[in-house]
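Structure record follows, encoded as structure tokens.
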Number of protein chains: 2
Amino acid sequence: MRTYLDCYPCFLRQALEAARMAGADERQQRAVLDRVLDVLRQIEPSSTPPEIGERVHRIVRREVGNSDPYRAAKEACTRQALALYPRLKARLAEADDPLEVAVRLSIAGNIIDLARNREYDLEEAAERVLTQPFAIDARAAFREALFRAGWVLYLADNAGETVFDRVLIETLDVPVIYAVKGGPILNDATMEDALAAGVDRVAEVVSTGSDAPGTILSRCSEEFRHLYDEAELVIAKGQANYEALSEEGPKAFFLLQTKCPVIARDVGVPVGSIVLKQGGE
Amino acid sequence: MRTYLDCYPCFLRQALEAARMAGADERQQRAVLDRVLDVLRQIEPSSTPPEIGERVHRIVRREVGNSDPYRAAKEACTRQALALYPRLKARLAEADDPLEVAVRLSIAGNIIDLARNREYDLEEAAERVLTQPFAIDARAAFREALFRAGWVLYLADNAGETVFDRVLIETLDVPVIYAVKGGPILNDATMEDALAAGVDRVAEVVSTGSDAPGTILSRCSEEFRHLYDEAELVIAKGQANYEALSEEGPKAFFLLQTKCPVIARDVGVPVGSIVLKQGGE
């Protein structure tokens with residue numbers, strides 16, 4: 001997905017919120033905004049939002065001197081999600097169609113989103129998403145691709161959401177490689193967060209080698225790009241992965257909730273939708 | 001009021017909305033944003049938001065080649081308010097304390113705000129504000145200043161709100177000079193809008209000589225500045241006049257609803273409050 005003009009004010013807002021989250025004083029906040037203004041002034045029309053986001057959050061970390069502003073928030077999200085884990089498993093145990101329920105729970109976990117500084121209710125989201133109709137519904141194609149795939153590459157999104165991903169992975173009958181960010185960016189899951197959620201017990205956890213907020217293949221390690229090329233099926237979680245990969249072909253399936261109006265419009269659904277969408281060219 | 005860092009994303013959002021309101025195509029919208037980014041990069045820390053707003057909206061008008069993007073919207077607001085006028089007058093006719101009711105109605109009219117592209121319900125606002133407690137209540141000082149003043153300088157805010165201002169002016173026992181913007185800016189009232197609301201029947205209508213969104217004295221005509229200096233009592237409507245004049249001394253009384261969270265915090269009240277505040281140094 002390209003960067004829309006509506007994203008410009010949002011990047012400034014995000015930079016300011018992230019700077020404050022990182023403990024910036026007023027002078028540092030202003031320095032962050034000035035540098036982000038410079039970045040926005042030079043945006044190439046073809047840039048995707050995660051490419052800009054990577055630069056914005058790098059500015060925040062450098063100007064404020066805080067390498068991981070969302071560390072405490074991420075740990076809190078993971079703890080909160082782990083506390084729900086037994087109830088999610090109980091839901092699955094009584095399900096007629098465990099894959100259906102696990103996919104829905106994985107999408108429910110995507111309600112976590114500190115980039116928009118949203119309030120969210122994880123329990124409410126889990127209940128709602130279990131019965132909410134899909135706004136885009138590629139479940140049949142997804143089941144078929146899953147049936148044929150020898151293994152799955154699973155692209156993580158946020159810390160805490162990792163626990164919901166683990167529940168889906170435990171329901172799949174194929175080996176999973178779970179890819180997390182190569183360094184701290186927003187509240188995105190890194191290796192540390194995946195381990196805290198126990199994902200390593202059910203999947204091989206690898207790094208994309210990049211700290212962009214979505215998986216921008218050209219910014220990932222050669223090793224990860226090779227893995228992506230080899231994969232027959234990619235489960236891509238969350239809005240930023242949609243932004244980065246929506247035009248990278250049909251082997252990717254995007255599982256997400258639309259929280260941003262610009263992304264929702266690009267997907268073609270209302271804000272607050274649940275989406276299981278197959279990638280295009 | 002100084003420009004807060006939270007205003008930066010808001011200026012970009014406002015510029016984009018105003019450009020679209022003016023009929024800009026995508027290329028023009030991008031050109032507007034680029035020029036606004038340049039302005040934001042050079043903000044002096046002491047600038048007030050109306051000073052930046054003046055430059056932002058001048059960029060929109062020039063880049064898009066539309067000298068009055070809000071013309072149709074302003075005319076619609078005035079028509080809507082005029083349709084309510086008989087009911088506002090009926091309210092006044094039955095009031096025990098007409099000044100109290102007229103002040104409240106004038107503040108009710110301040111719900112109109114296209115800078116934030118808000119939906120508003122003028123009738124609901126009029127009913128609500130008639131009984132809503134003041135978050136800041138300088139009514140006693142205002143009555144006293146009014147009692148002593150030989151005449152009043154009344155600074156208009158938005159088109160349509162002008163009709164509510166007329167109702168207050170009709171209730172005052174002193175001559176009023178009603179000052180409107182010197183040229184189109186957002187949905188602010190100009191001479192044309194004041195005449196459409198019939199304010200000229202109850203007050204002398206003058207121009208500030210400036211098309212900034214609030215009354216920035218240094219940008220006004222010499223004639224208007226002289227008028228301001230001479231005035232014993234100034235009624236300043238709306239958020240932008242608060243932003244521009246909050247530190248210009250105690251002869252100004254600000255009548256407004258807080259719609260912006262940054263201004264609300266500066267005033268020291270919640271968003272959605274009604275305010276009658278005396279100016280300070």
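Please treat every number below as a calculation from the coordinates, not as lab data. Just so it is clear, the structure is predicted and the values come from calculations on it, not from any experiment. Ideal geometry is used to build each Cβ from the backbone, glycine not excepted, and the neighbour counts take in all protein chains shown.
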query = To the nearest 20 debye, what charge dipole does chain B have about its Cα centre, counting +1 at the Cβ of each Lys and Arg and -1 at the Cβ of each Asp and Glu?
reply = 600
key: lysines whose Cα lies under 29 Å from that of B:K237, excluding same-chain neighbours fewer than 8 positions away   = B:K74, B:K89, B:K181, B:K251, B:K259, B:K277
Efficiency of FRET from Cβ geometry, B:Y120 and B:R2, R₀ 25 Å, rounded to 0.05 = 0.40
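Where Lys and Arg each count +1 and Asp and Glu each count -1, what net charge lies around B:S46 among other residues with Cβ under 12 Å from its Cβ? Mind showing how you got there, number by number?
Details: positive: B:R2; negative: B:E44, B:E51, B:E247.
Within the 12 Å Cβ shell, the charges total -2.
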inquiry  = Can you work out the Karplus-derived ³J(HN,Hα) for every residue in region A:33-47? Use 6.51 cos²θ - 1.76 cosθ + 1.60 with θ = phi - 60°, whole Hz, and x for glycine or proline.
reply    = 4, 4, 5, 5, 4, 4, 4, 5, 5, 10, 5, 6, x, 8, 4
ask   = Put the label 7 Å from Cα along Cα→Cβ for A:E223; what are its distances to the other copies, in nanometres, shortest first?
value = 7.6
Stretch gain in nm, segment B:S218-B:E100, where the contour uses 0.36 nm per residue and the Cα spacing is subtracted = 39.2 nm
key: Per-residue average of Cβ from other chains inside 10 Å of B:29-36   = 3
request  = Taking the dipole about the Cα centre of region B:1-80, with the C-beta of Lys and Arg at +1 and of Asp and Glu at -1, give me whichever of B:T48, B:Q28, B:F11 is farthest to the positive side.
outcome  = B:Q28
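Provide A:D193, B:D165, B:D229, B:D200 in ascending order of the number of other Cβ atoms located within 10 Å of each residue's Cβ, fewest first. Kindly include the intermediate steps, with their values, before the conclusion.
Working: A:D193 28, B:D165 32, B:D229 8, B:D200 14.
With the sparsest Cβ surroundings first, the list reads B:D229, B:D200, A:D193, B:D165.
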task = Starting from a label point 7 Å past Cα on the Cβ side, list the distances from A:M191 to the same position in the other copies, nm, shortest first.
result = 7.2
ask   = Any idea how far apart A:A93 and A:L195 come out in nm if each label point goes 7 Å out from Cα toward Cβ?
value = 3.0
request  = Report the FRET efficiency, 1/(1 + (r/R0)^6), for A:L130 and A:D38, where r is their Cβ-Cβ distance and R0 is 35 Å, rounded to 0.05.
outcome  = 0.15
request  = Could you work out the mean count of beta carbons from other protein chains within 10 Å of each residue's beta carbon in A:2-15?
outcome  = 5
inquiry  = Among B:V269, B:V205, B:I216, whose Cα projects farthest towards the positive end of the dipole of the protein assembly as shown, with charges put on the beta-carbon of Lys, Arg (+1) and Asp, Glu (-1)?
reply    = B:I216
request  = Sort largest first and round to whole Å: the equivalent ellipsoid semi-axes of the protein assembly as shown, each the square root of five times a Cα gyration tensor eigenvalue.
outcome  = 53, 24, 21
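Expressed as a fraction of 2.2 N^0.38 Å, the rule-of-thumb size for a compact globular protein of N residues, what is the C-alpha radius of gyration of region B:71-278? Intermediate results must be reported in sequence, preceding the final value.
Working: Rg = 15.2 Å, N = 208, 2.2 N^0.38 = 16.7 Å.
Relative to the rule-of-thumb radius for its length, region B:71-278 sits at 0.91.
Viscosity 0.890 mPa s, temperature 25 °C: Stokes-Einstein D of region B:7-64 from its Kirkwood Cα radius, in µm² per second? Write down the numbers at each step before the final one.
Numbers: Rh = 11.1 Å.
It comes out at roughly 221 µm²/s.
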task = Quick one: what are the phi-derived ³J(HN,Hα) couplings along region A:142-150, Karplus 6.51/-1.76/1.60 with θ = phi - 60°, whole Hz, x for glycine and proline?
result = 5, 4, 5, 4, 5, 5, 8, 6, x
inquiry  = With +1 on the Cβ of every Lys and Arg and -1 on the Cβ of every Asp and Glu, and nothing else charged, how large is the dipole of region A:86-226 about its Cα centre, in debye rounded to the nearest 20?
reply    = 200
query = In whole Å, how far is the Cα centre of region A:72-128 from that of region B:159-235?
reply = 56
ask   = Rounded to the nearest 0.05, what FRET efficiency do A:F147 and A:E75 have when you use their Cβ-Cβ distance and R0 = 25 Å?
value = 0.10
note = From fewest to most C-beta neighbours within 10 Å, the residues A:F142, A:F254 line up as A:F142, A:F254
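Within 10 Å, count the other beta carbons around each residue, average over each peptide in B:51-61, A:131-141, and list them highest first.
Working: B:51-61: 22.5, A:131-141: 13.8.
So the order, starting with the most tightly packed, is B:51-61, A:131-141.
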ask   = Of the residues B:A212, B:A73, B:A19, which exhibits the maximal mean-square fluctuation in a Gaussian network model of chain B defined by a 10 Å Cα contact cut-off?
value = B:A73
query = So who's got an amide H within less than 5 Å of the one on B:V176, skipping anything under 5 residues away but keeping other chains? H placed 1.01 Å off N, in plane.
reply = B:V152, B:E204
Ascending list, in nanometres, of distances separating the B:A76 label from those of the other copies (7 Å, Cα toward Cβ) = 4.2
task = Name the shape class, rounded, prolate or oblate, that the alpha-carbon gyration tensor gives for region A:35-107, where a ≥ b ≥ c are the square roots of its eigenvalues, rounded holds for a/c under 1.5, and otherwise prolate holds if a/b is larger than b/c and oblate otherwise.
result = oblate
Estimated [θ] at 222 nm from DSSP helical runs (n ≥ 4, -39500 (n - 2.57)) normalised by residues in the protein assembly as shown, nearest 500 = -16000 deg cm²/dmol
